[in-house]
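Enquirer: Take this structure, written in structure tokens, and hold onto it; I'll ask about it next.
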Amino acid sequence: MYQVRHGFPENFLWGGAIAALQAEGAWNEDGKGASVADFNVMLDDKKENATISNERESLHTVAGVNYPKRRGVDFYHRYKEDIALMAEMGFGCFRTSIAWARIFPNGDDEQPNEAGLKFYDDLFDECRKYGIEPIVTLSHYEMPVNLVLKYDGWLNRKTIAFWKRYCETVFARYANKVKYWIPFNQINLLDFYSLGFLKKPEEKELSATYQAVHHQLLAQALAKKIALKYAPDCKLGVMLCDKTTYPATCKPEDVSLAVFKNKMEYLCSDVAIWGEYPRFALRAFEDNGIHLDFEPEDAELLKKYTMDFMSFSYYMTVAISAEKNNLFGYDFTRNPYISASDWGWPIDPVGFRTALNLYYDRYRCPIMVLENGLGAADTVEPDGSIHDSYRIDYLRDHIAQMKEAVRDGVDLIAYTMWSPMDIVSCGSSEMKKRYGLIYVDLDDEGNDTCARTRKDSFYWYKHVIETNGEEL
Ligand code: BG6
């Protein structure tokens with residue numbers, strides 16, 4: 001007998017997500033090498049040569065320039081306190097990433113860095129101590145910078161060999177501690193990070209971008225192959241940055257472009273879950289002069305080692321018009337029916353249910369939502385409390401829509417909000433753009449104590465977890 005599902009499943013994984021590059025700090029401690037993230041500066045502090053040299057001759061770090069990701073929020077030294085707070089909220093899972101350069105400082109080293117491996121051993125043990133399931137990303141915009149300078153990052157097929165070594169090392173080491181793995185964060189954000197953000201002008205071409213992504217897709221399949229060797233029961237998921245696209249009007253051209261734009265965004269998950277490139281994408285490549293080099297063995301690898309689940313981050317939807325845009329463009333139209341955050345990010349809880357349904361209908365596999373949250377400035381009251389009702393409203397509205405999607409029949413197995421504690425913003429490197437349920441006493445210049453304080457949203461989310469999402 002068919003039944004409508006009411007409420008979240010019994011074993012639903014509630015939790016939160018962070019990434020090493022924004023939280024750990026300790027950028028050059030215990031043998032860690034520099035990653036591309038260690039060269040991100042405050043956006044309003046951008047100076048000539050503050051980032052990695054474009055000539056790829058040397059690294060430039062400029063005295064007096066603010067590199068917030070190097071200090072993060074000191075998670076490297078405070079992870080026990082943070083995990084204890086997550087346990088207090090009743091987390092069933094916690095998503096974080098391994099900083100590749102902590103394990104292989106230069107990316108192409110022969111031997112891994114034992115101190116880096118030990119850090120994640122201790123971190124995962126700490127999670128397990130509280131019954132928290134770690135969900136681990138292998139690459140969250142943290143490529144060792146040497147791989148970018150020396151080999152052009154993912155543009156070069158050789159990088160896959162270094163990735164294999166990294167995968168062999170981490171799967172062998174953590175096979176009995178970690179069940180859920182995400183090879184790449186937001187793999188569909190193509191031209192942002194796939195080349196390790198170091199680009200010669202001619203490398204901005206679409207062919208180069210998609211070639212780099214093709215190498216990442218192969219690397220993802222290889223991760224599955226290697227994982228199965230060490231932990232046959234582990235599960236790997238493809239992860240997208242969801243940007244469900246609406247047509248700006250009901251003009252057929254706008255509607256059609258929105259449909260194809262969404263299909264193009266699904267390219268990476270299509271390959272990861274179906275095990276082959278979708279034909280419409282091959283056609284789009286042909287029409288736009290995009291040429292990819294495939295090796296004869298690539299198709300078999302992609303077909304054989306597919307991902308077990310679908311996952312994505314959900315922050316916003318976007319609107320598009322055929323007049324201003326094409327399949328590869330990102331010139332979005334403002335959607336007059338939805339509001340936006342103080343950082344201009346559209347807020348669209350209803351679109352969340354739509355996205356969940358679209359993914360489930362397309363892939364019919366378990367789904368994890370691995371990021372969702374509101375970046376906002378918080379005020380600390382004189383008595384030290386933080387009343388972040390805006391964050392509670394945002395999360396409540398989104399979780400309510402997620403619940404609707406579960407009733408729609410979507411096989412949702414986990415939700416990790418972004419982020420349990422405040423961390424450095426990925427895009428702008430600001431501290432004041434706060435997503436946390438736990439306040440971290442740190443400003444944009446790196447002053448203050450890094451002390452942790454529970455916000456109102458901390459108690460609210462704790463109750464949501466206690467009631468398995470029944471009371472929002
Ligand atoms: C996601 C990234 O795209 O957005 C996270 O995976 C990031 O790393 C999050 O922190 C929010 O973006 P931002 O720029 O506000 O930190």
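The numbers here are math on the coordinates, done by the rules we state, and not lab data. All values reported here derive from a predicted model rather than from experimental measurement. A quick note on method: Cβ atoms are made from the backbone with ideal geometry, for glycine too, and the neighbour counts reach across all protein chains shown.
Enquirer: Give a quick list of chymotrypsin sites (Phe, Trp or Tyr not before Pro) in the stretch 281-388 that DSSP marks as loop, anything other than H, G, I, E or B, with at most 12 other Cβ atoms within 10 Å.
Expert: On the way: sites: Phe285, Phe294, Tyr305, Phe309, Phe312, Tyr314, Tyr315, Phe328, Tyr330, Phe332, Tyr337, Trp343, Phe352, Tyr359, Tyr360, Tyr363; in loops: Phe294, Tyr305, Tyr315, Phe328, Tyr330, Phe332, Tyr337, Trp343.
Loop-located and lightly packed - Phe294, Tyr330, Tyr337.
Enquirer: Compute the distance from the alpha-carbon center of the stretch 66-97 to that of the stretch 345-389, in whole Å.
Expert: Distance between centres, Cα-based: 19 Å.
Enquirer: Next up: Just grab the label-to-label distance for Thr249 and Asp408, each label 7 Å out from Cα along the Cβ direction, in nm (one decimal).
Expert: Label-label distance for Thr249 and Asp408, simple model: 2.7 nm.
Enquirer: Give me the one-decimal nm value for the distance between modelled label points at Thr354 and Thr379, 7 Å along each residue's Cα-to-Cβ direction.
Expert: Output for this residue pair reads 3.4 nm.
Enquirer: Find the eigenvalues of the gyration tensor of the Cα atoms of the chain, then list the square roots of 5 times those eigenvalues as equivalent ellipsoid semi-axes, largest first, in whole angstrom. List each step's numbers first, then the result.
Expert: Details: eigenvalues 176, 163, 115 Å².
Equivalent ellipsoid of the chain: 30, 29, 24 Å, largest first.
Enquirer: Compute the semi-axes of the equivalent ellipsoid of the stretch 335-425, taking the square root of 5 times each eigenvalue of the Cα gyration tensor, and list them largest first in whole Å. The partial results should precede the final answer.
Expert: Details: eigenvalues 156, 46, 26 Å².
After diagonalising the Cα gyration tensor, the semi-axes are 28, 15, 11 Å.
Enquirer: Express in % the proportion of alpha carbon pairs of the stretch 60-167 at distances exceeding 25 Å. Numbers along the way, then the final one.
Expert: Values: 1884 of 5778 pairs.
Value for the stretch 60-167: 33 percent of Cα pairs lie more than 25 Å apart.
Enquirer: When we measure straight from the Cα of Lys229, which lysines land under 20 angstrom away, once same-chain ones fewer than 8 places off are left out?
Expert: Correct list for Lys229: Lys164, Lys177, Lys179, Lys303, Lys304.
Enquirer: Then there's this: How much of the DSSP bridge set in the chain is antiparallel, in percent, rounded to the nearest 5?
Expert: Working: 8 of 44 bridges.
Percentage antiparallel, nearest 5: 20.
Enquirer: Hey, which lysines would be in cross-link range of Lys455, C-alpha to C-alpha under 21 Å, not counting anything within fewer than 8 residues on its own chain?
Expert: Excluding near neighbours in sequence, the set is Lys80, Lys432, Lys433.
Enquirer: When the Cα atoms of the stretch 213-348 are enclosed in a convex hull and the volume is divided per residue, what value in Å³ results? Let's see the in-between values first.
Expert: Working: hull volume 17.7 nm³, N = 136.
Spelled out: Cα convex hull of the stretch 213-348, divided by residues, is 130 Å³.
Enquirer: Here's a follow-up. What FRET efficiency comes out for Ala87 versus Gln3 if R0 is 35 angstrom and r is the Cβ-Cβ distance? Round to the nearest 0.05. Write out the running numbers ahead of the final one.
Expert: Values: r = 33 Å, r/R0 = 0.96.
Efficiency for this residue pair is about 0.55.
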